[in-house]
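The values are calculated or read from the model by the stated rules, or taken from the named source; none is laboratory data. None of the values given here were measured: they were computed from a predicted structure. Here the Cβ is made from the backbone with ideal geometry for all residues, glycine too, and neighbour counts use every protein chain on show. Accessible surface areas use protein heavy atoms only, side chains included; no ligands, DNA or RNA. Shrake-Rupley method; radii C 1.70, N 1.55, O 1.52, S 1.80 Å.
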Amino acid sequence: MSKISEIGIGMLGYAFMGKSHSHAWRDIPLFFWPPPAIPKLVVIYGRRESAVKEAMIRYGYKKYTTDWREVVKDPEVEILDNCLPNYMHKEPCIEAIENGKHVVCEKPLARDAKEAKEMYEAARKARVKTMCAFNYRFVPAVRLAKKILEEGLLGRIYHFRARYLQDWIVDPNFPLVWRLQKEYAGSGPLGDLGSHIIDLARFLVGEIAAVTGVARTFIEERPLLEDPTKRGKVTVEDAFTATVEFENGAIGTLEASRFATGKKNYNVFEINGEKGSIEFNLERLNELRVYLVEPDERKYIEGWREILVTEKVHPFIEVYWPPGHIIGWEHTFINELHHFLDCIVNDKDVAPYAATFEDGYRCCAVCDAILESSNTGRRVIVEY
Ligand code: SOE
């Protein structure tokens, strides 16, 4: 077999997303064989030297640094993977693009549409590949939903309704972390969770033309992480709800909250069409519920199909396990980063199955419109 080339990865961040992406880069050749290239974990960046040095060892990087500028100009780095908090997305990504690196950046692309547009413009002018890491596009069940819609099995689409619910900050004594501060996060569950369901809405149904939303902060102050005896102001929303109007005439609802007590990572959507419906629940990510209006007279057997999406005929499954041996949340990152690697090595388009920086920008524009609607009390036409 001819030698498989290697490709250098530079990672920004070692926390939740840095860990899930590092795991994914390492596992691509285990499942996708032969891979487009073998990812070589060159360098990882983090602010705290002790922590990033440990991450280098744990995740298997060749070196570490506490200066992200070293990563974006490292000649061994061909792909920059930005897993830092939202306020650190724009500058390193643009600098890496200008240095000729391919760039994948976690969602949301930026804190707001203004920042995201600068990133999109930089990507559009460059010859490198860029991707915004909306990993739920790479769940086998979601990709099966996409296939069902592409084949027109549901006919004209009337509704898309989605909720992304968590409950990790219901305790008023949960500290003021970066996700609760506008200067670092840009927004609360709107950008963090709402961005996922907005991206899925665009991926599965189409462009969003207008929104009407309400955002609310329930707990105004929280203990400081560095000194729990002091309290700081929460400067983002704790939850939002919005109605959406699609350009193709469909209408729907979006909701995200970190106060949905008992919901841990409850990302659910339902799509209703003239010929049937689809339901997905991330907490049961190997399953897809499908209802098709049967053309025959035996209406008494019409009903929902519960599909276990683990057959070889289903998206991605052939590289994993035999039917019924379900996969997990982390495999969506392996699928996603393999796609990006394939696009880079074989010069393929990142779109339409992965999110581009334009998708990341359009998602931020919808988030901004929902916040504007909440602040003004008016319906907002989404401006791109
Ligand atoms: C935290 O809310 C979080 O890690 C999000 O940032 C991720 O995008 C989501 O997939 C899981 O929850």
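Relative to the Cα centre, the charge distribution of segment 183-279, modelled as +1 at Lys and Arg Cβ and -1 at Asp and Glu Cβ, gives a dipole magnitude of about 340 debye. Please find the FRET efficiency linking Ser5 to Glu247, where r is the Cβ-Cβ separation and R0 is fixed at 41 Å, and quote it to the nearest 0.05. Given R0 = 41 Å and the Cβ-Cβ separation, E is 0.45.
Along segment 370-379 the Karplus relation, 6.51 cos²θ - 1.76 cosθ + 1.60 evaluated at θ = phi - 60°, assigns HN-Hα couplings of 5, 5, 5, 5, 5, 6, 9, x, 10, 5 Hz to successive residues, with x for each Gly and Pro.
Would you compute, from DSSP H runs of 4+ residues alone, the mean residue ellipticity of the chain at 222 nm, taking -39500 (n - 2.57) per run and dividing by the full residue count, rounded to the nearest 500? Show your work: numbers first, answer last.
On the way: 10 runs with 115 residues, N = 384.
Result for the chain: -9000 deg cm²/dmol, rounded to the nearest 500.
Here the spin labels are modelled as points 7 Å beyond Cα on the Cα-Cβ line, and at Glu311 and Lys264 they lie 2.9 nm apart. Carbon-plus-sulfur accessible fraction, the chain (probe radius 1.4 Å, protein heavy atoms only): 51%. For Lys312, the aspartates and glutamates whose Cα falls under 18 Å of its own Cα, not counting residues fewer than eight places away in the same chain, are Glu287.
Applying the criteria of a DSSP loop state and at most 11 other Cβ atoms within 10 Å to the GluC sites (Glu not before Pro) of segment 152-228 yields Glu220, Glu226.
Give the relative contact order (percent, whole number) for segment 164-234; include only Cα pairs under 8 Å separated by 6+ residues.
Details: 59 pairs, mean separation 26.3, N = 71.
Dividing the mean separation by the residue count of segment 164-234 yields 37 percent.
Accessible surface calculations at 1.4 Å, restricted to protein heavy atoms, place segment 6-136 at 42 Å² per residue. Each of Leu30 and Glu70 was given a label point 7 Å from its Cα along the Cα-to-Cβ line. The distance between the two points is 2.9 nm. The distance between label points at Leu153 and Arg47 comes to 4.7 nm (points 7 Å beyond Cα on the Cα→Cβ vector).
Among the listed pairs Lys107/Lys264; Lys63/Lys114; Lys275/Lys299; Lys117/Lys147, which have their C-alpha atoms separated by more than 25 angstrom in this model? It would help to have the intermediate numbers written out before the result.
Details: Lys107/Lys264 19 Å; Lys63/Lys114 34 Å; Lys275/Lys299 14 Å; Lys117/Lys147 30 Å.
As for pairs spanning more than 25 Å Cα to Cα, those are Lys63/Lys114; Lys117/Lys147.
Val293 sits with roughly 70 Å² accessible to a 1.4 Å probe, with DNA, RNA and ligands left out of the calculation.
Counted over all Cα-Cα pairs of the chain, pairs farther apart than 25 Å make up 57 percent.
Only Cα pairs under 8 Å and at least 6 apart count here; give the relative contact order of the chain as a rounded whole percent. Numbers along the way, then the final one.
Details: 855 pairs, mean separation 76.8, N = 384.
Across the chain, relative contact order equals 20 percent.
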